[in-house]
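These notes concern the structure reproduced below.
Read-outs: derived from the displayed coordinates by stated rules, not from any lab. In this text the structure is predicted, and so the values were computed from the model without any measurement. Glycine gets a Cβ as well: all are built from the backbone with ideal geometry, and neighbour counts include every protein chain shown.
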Amino acid sequence: MPVRRPLAVAFLSLGLLPAPAAHADKMCKEDKAWLDSVAPILQKDEEKRFKALKDKSDREEFKKIFWARRDPDLDTPENEYQAEYQKQVAVVDVKFKKGGQSGSKNDCGKVFILLGEPSSIEKDVEGGGEIWIYKDRPGRSFGGGQAKIAFTDTCRGPESKEFEQQIDRIAESQLAHPNIDYRIGSDGKLTKLLDLLPKPTPAQALLKTPRQDFPLETQAAFLKTEGGGTALVGIIRGKAEGLEVQDAGGKKTVRLSVVAQAVTEDGKNAAFAEQEEAGDVRPDGTFLASYRMLLKPGKYTLKGGALEVKSAKGSLAQIPVDVPDLNKAELTATLLVLRDVEDLAEGVVDNNNAYSGLALAKVRLIPHFGTLFTKADSLMIFFQFYDARADEVTGKASVTSSVALLQGTKPKAKAPDQAFDTVIGGNVVGPIPLADYGPGNYTVQVKLTDSVAKKDVVKEFAFEMK
């Protein structure tokens, strides 16, 4: 089983603009006060971007975007998160006030704002303070079932990078709409919130009034983004019959508006995506296209659809999805089975491509839809792992990957084991021609072993040969 290439750091590229240059005019007293007021939930990247803005009007727009990113329901006039946050600040400012400093400015207050009341509290005999214990609950996992945070009697938390990173991850998890971001327009100004919010379009009408003008299906996979979030990457497959197919040098495409939406269990819109693409028409008469969106871990109903731009024929499909937490500060992994991998020039973004939703830093993944294969097919195995533990002495990780193709429990093909000394890594294995594989059920299995943390992760993909 051939190993195609190493992918040491190949995060999903979200095509966002970088933060503006660090130089900026001095902020006014009100702007500094606002930064101070949101410090418990402010992301480091957000702080950097805010301080880099040179225009007062841009800073005011930034504040609107900041709260909109955290608003659980953009359709209601009130920002429920902002209102609850301000109530929590008022409580902790009194409850954890130390030495004349408001409680929201110390570590006890910040953790209380982010996580609420701890499950239990123990006295810290050695440190003289308290140990707050938070247990896992739906939608929040600490790894190991619980988190213990020790505070001094002056409400200082652990002085460690790991603690800071954990707090940052918790704050990031409270972003309800990470797809709403701070974008700088061609005029050098911050794009207004109203221009970032979804606008009513024919494709959005399809979400509200589903129909199937042609057969269509959707499926989803997950990758970790460079910023640490989880990206859902979706594929739609539809019948191209009856649509206007264009042929350019043997490459057949159909012009589509691709739309997707993730809905929470209580019926709220958690994320939305829409863009025009040149759907890839396959030899079997179906077309493939892609979408992607950032989502918090949890269960959703995923809606994926396509509208032919010219005829306005459209179809929508929906499936349940359970978005994993890929930011747990311990070994996690993802696995995709592909048809191919295309090399990309670094920094090149082609949103018109059918597979733009699967563009990484230097490659674009070409997916296989579904779990059915034939002898004419080949498959490629793409995997990535995240957050392996680094050795305290050497600063290096020690991860071993084992990739196998099984029929039942019997190995039919196996790639050489590979060692990684990085906390993040991955690879592409294949292509594996399936001409010699008989009918039946098979499993792609990737096992990753973190020798430093003494932890294994196994990811599997089951498929059928016809």
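Electrostatic bookkeeping for Leu358 treats Lys and Arg as +1 and Asp and Glu as -1; over the other residues with beta carbon under 9 Å from its beta carbon, the sum is +2. Counting beta carbons within 10 Å around each of Met380, Met293, Met465 and listing the fewest first gives the order Met465, Met380, Met293.
Summing Lys and Arg as +1 and Asp and Glu as -1 over all other residues whose Cβ lies under 14 Å from the Cβ of Phe272 gives a net charge of +1. Rounded to the nearest 5, what is the percent of antiparallel bridges among the DSSP beta bridges in the chain? Within the chain, antiparallel bridges account for around 95 percent of the total. Set against the labelled values [x] 73, 51, 41; [y] 61, 58, 45; [z] 80, 45, 42, Cα extents along the principal axes in Å computed from this structure falls on [x]. A straight Cα-to-Cα reach below 24 Å connects Lys251 with the lysines Lys239, Lys310, Lys313, Lys362, Lys375, residues fewer than 8 places away in its own chain not being considered.
What number comes out for the charge environment of Gln101, summing +1 per Lys or Arg and -1 per Asp or Glu over other residues with Cβ under 15 Å away? Here the count lands on +2.
Where a Cα-Cα gap under 19 Å defines reach, which lysines qualify for Lys459, not counting those fewer than 8 residues away within the same chain? Answer for Lys459, where 19 Å is the Cα cut-off: Lys224, Lys328, Lys410, Lys412, Lys414, Lys447, listed by chain and number. Near the amide H of Arg282, within less than 5 Å, lie the amide hydrogens of Phe287, Leu288, all on another chain or at least 5 residues away, with H placed in the peptide plane. Relative to the longest principal Cα axis of the chain, at what angle does helix 80-95 sit, 0 to 90 degrees, rounded to 10? Computed tilt is about 30 degrees.
By the count of neighbouring beta-carbon atoms within 10 Å, fewest first, Ser356, Ser57, Ser290 end up ordered Ser57, Ser356, Ser290. Note on Glu61, Glu241: ascending count of other Cβ atoms within 10 Å places them as Glu241, Glu61, the fewest first. Computed over the range 199-327, the percent of Cα pairs more than 21 Å apart is 39. Dividing the summed helix terms, -39500 (n - 2.57) for each DSSP H run of n ≥ 4, by the number of residues in the chain produces a 222 nm estimate of -5000 deg cm²/dmol to the nearest 500.
The calculated FRET efficiency for Ser402 paired with Lys29, based on their beta-carbon distance and R0 = 56 Å, is about 0.45.
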